[in-house]
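The next block holds one structure in the form of structure tokens; read it before the comments.
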Amino acid sequence: MNKEEKKRLKRLGAAEVERQSQELRELARQANPARPGSDDWAKAYSVGVLKERALNAAPPDRLSAEQVARDFVLQTVPLTSLGNYTGMQGWYWECSRCRDVLHSSPSGPTQCTCGHIRVLPNLPGAKSNRLVKLIGRG
Ligand SMILES: [Zn+2]
């Protein structure tokens, strides 16, 4: 790898870090739209954290689209570098049709309301759907 190639890759890496930072800031704003630093923001932050803690303490195999829309903002997990390893605590498959989310490593066979996706314990889900993490809404 020559010097120019190293510079090019460094610029690409910095641009990707910036893109991901902007995406996270936008998701945080969606999860808590109150003015940062305000009392409303602090209250909503606490509510969002409690939702995430409850979710992590007892991860459900399936959350309905309504529950997800009410309580969480979805952060896409990039599939490009994962290979077939997608069963992770805190990662869920979002059905591209009904928008239910299914835990990527459920306690038993699980399917969404419309039946488009079914996830079995310790097996990867269908990659035509989006793999997401859930951020608690305030
Ligand atoms: Zn579905």
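Observations
- The chain: C-alpha gyration tensor shape, a/c 1.5 cut-off, then a/b vs b/c: oblate
- Shape call, region 1-62: gyration tensor on alpha carbons, a/c limit 1.5: oblate
- CD proxy at 222 nm, helix term only [per DSSP H run n ≥ 4: -39500 (n - 2.57); per residue of the chain; nearest 500]: -13500 deg cm²/dmol
- Per-residue Cβ neighbour rank within 10 angstrom, fewest leading, MET88, MET1: MET1, MET88
- In this rough spin-label picture, where each label sits 7 Å from Cα along the Cβ direction, the VAL17-ASN2 distance is 2.6 nm.
- The mean sequence distance of close C-alpha pairs (under 8 Å, at least 6 residues apart), as a share of the length of the chain, puts its relative contact order at 28 percent.
A short reminder: the numbers here are calculations on the coordinates, not readings from a lab. What you are looking at is a predicted structure, and each value in this text was computed from that prediction instead of being measured. In this analysis, Cβ positions are derived from the backbone assuming ideal geometry, glycine residues included, and neighbour counts consider all displayed protein chains.
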